[in-house]
Amino acid sequence: MSESITASEAKQILDAIQALTLEVKVSQARTDEQFNTLRAEVKAEINELRVEFKALSDKVDELSERQRVTDNRLWSFIVTLIVLLTGGLVKLTFFDKV
């Protein structure tokens with residue numbers, strides 16, 4: 001059952017194992033480099049998205065401020081209109097001399 005191997009066969013097997021080990025290390029290095037490149041690309045995309053989000057947030061804040069100013073103007077107009085109508089009705093009711 002057990003066969004003895006010669007020194008040259010053992011050397012061939014050892015060389016094959018070393019070649020495979022070297023190939024695995026090269027593949028690992030290549031994979032690590034691809035992973036690092038991908039990580040850098042993802043980080044760059046995240047940073048771009050943060051900048052875009054900040055710009056959109058600033059625009060939303062600006063629109064909120066504009067809406068607040070518009071609401072204030074509208075309420076000022078409504079209050080002025082109510083005061084004028086109330087004043088006109090009071091004048092007609094109490095001070096109308098026909």
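Annotations
- From the options GLU3, GLU52, GLU23, residue that is of a type in the set (Asp, Glu) and under 37 Å from the mean Cα position of the chain (by Cα): GLU52
- If you check ASP58, ASP32, ASP15 for being of a type in the set (Asp, Glu), at pLDDT below 95 and surrounded by 10 or more Cβ atoms within 10 Å (Cβ to Cβ), only one passes: ASP15.
The values are calculated or read from the model by the stated rules, or taken from the named source; none is laboratory data. Values in this document were obtained by computation on a predicted structure and should not be read as measured data. Note that each Cβ is placed from the backbone with ideal geometry, even for glycine, and that neighbours are counted across all protein chains shown.
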